[in-house]
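Below: the structure, in structure tokens.
The values are calculated or read from the model by the stated rules, or taken from the named source; none is laboratory data. In this text, all values refer to a predicted model and were calculated from it rather than measured experimentally. Please note: Cβ atoms are built from the backbone with ideal geometry, for glycine as well, and neighbour counts cover all protein chains shown.
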Amino acid sequence: MSKFRAILQGAALSAALAAQTAQAETRDLSFQGDHGCLAAIAQYPKGRQSYPMVLLLHGFTSAKEDPLIEAVASELEARGIASLRFDFNGHGQSEGRFEDMTIPNEIEDAKRALAFAASLPGVTKVAVAGHSQGGVVAAMLAGECGKDRIRAAALLAPAAVLQDDIRKGRWFDAEFDPANLPETLTVLGHPVGREYLKTAMDLPIYETAAACQGPVRIIQGTADPVVPVSCARGLHEAIKGSELVLLDGFDHSFTQDFSKAAKAAADFLAHALKE
């Protein structure tokens with residue numbers, strides 16, 4: 001598929017998702033995160049008084065309105081599952097400065113989202129799905145919280161490779177000296193603070209993810225220019241019993257067909273949440 005065609009298809013699907021979400025039972029919510037108030041949207045299956053809920057975690061520089069995240073929410077709703085998607089600190093409509101954001105404080109945001117979701121009326125159990133950096137956060141959240149609190153995790157193109165990139169001093173469009181970290185670094189037009197770089201270098205991504213007790217599915221595109229397939233395989237090997245689903249020719253954001261990636265996540269989570 002050409003890049004132009006993928007863009008057109010992504011735009012068409014985004015419009016369809018927007019129309020579908022507008023008809024869905026949604027509620028704007030907020031809760032306290034690690035660096036201020038976090039903006040959230042809860043999406044509920046119609047006609048149900050109780051349901052499982054899935055936390056949806058967006059990636060670096062993204063937001064809760066990301067087309068892939070919205071696609072997963074809609075697929076979950078169709079399967080009778082509620083979702084809570086929110087903007088991490090410094091992103092979207094949430095409070096906090098982007099340059100103060102780190103993966104550890106995003107994990108804290110996710111823990112607070114977990115507690116908030118579990119306290120909502122009608123929620124019976126909670127799972128998590130995350131894309132890119134959100135996939136790293138989801139994996140570490142599941143590893144830290146255990147199966148009693150996180151029943152299952154779907155990781156879409158989890159960007160554990162960011163640690164190697166930062167250690168090498170080449171991350172997206174930025175180059176820097178990893179032995180002499182700058183106070184701020186502009187990455188994809190956003191200011192990233194020194195604390196982000198410092199903590200990412202020593203983050204126990206694989207070790208923490210390996211502690212996951214519930215079922216885990218990793219969904220990875222084979223044409224992803226950000227996260228190599230070898231990285232997904234490494235995470236799959238670290239998380240014993242996990243599943244690895246490779247989507248041939250798909251890029252980092254699954255723009256070739258958002259719904260295919262979303263269905264792969266939603267089908268897995270629906271099955272896991274029945275147990």
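Numbers below:
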{"item": "Check on Ser132, closer than 17 Å to Pro225 by Cβ and of a type in the set (Gly, Ala, Ser)", "result": "yes"}
{"item": "Residue count, the stretch 34-57 (criterion: at pLDDT below 95 and buried (at least 20 other Cβ atoms within 10 Å of the Cβ))", "result": "2"}
{"item": "Residue match in the stretch 167-189 (condition: small (Gly, Ala, Ser), modelled with pLDDT of 95 or more and in contact with a helix residue (DSSP H, G or I) (Cβ under 7 Å, 6 or more places away or on another chain))", "result": "no"}
{"item": "Search result, residues across the stretch 144-195 that are over 17 Å from the mean Cα position of the chain (by Cα) and of a type in the set (Asp, Glu)", "result": "Asp148, Asp164, Asp165, Asp173, Glu175, Asp177, Glu183, Glu195"}
{"item": "Residue satisfying all of: in the stretch 24-35; touching a Lys or Arg at 6+ places or on another chain (Cβ under 9 Å) and of a type in the set (Gly, Ala, Ser); nearest to Ile103 (Cα to Cα) among these", "result": "Gly33"}
{"item": "Near pairs, Cβ below 6 angstrom, 6+ apart or cross-chain, from the stretch 51-67 (in contact (Cβ under 8 Å) with a residue 40 or more places away in the chain and under 17 Å from Phe172 (Cβ atoms)) to any residue that is among the β-branched types (Val, Ile, Thr) and part of a strand (DSSP E or B)", "result": "none"}
{"item": "Which listed residue is among the acidic types (Asp, Glu) and touching a Leu at 6+ places or on another chain (Cβ under 9 Å), from Asp173, Asp202, Asp148", "result": "Asp173"}
{"item": "Residues located in the stretch 104-153, provided they are part of a loop (DSSP other than H, G, I, E, B) and of a type in the set (A, V, I, L, M)", "result": "Leu120, Ile150, Ala152"}
{"item": "Filtered residue count, the stretch 104-157, keeping only those that are surrounded by fewer than 18 Cβ atoms within 10 Å (Cβ to Cβ) and on the phi > 0 side of the Ramachandran plot", "result": "2"}
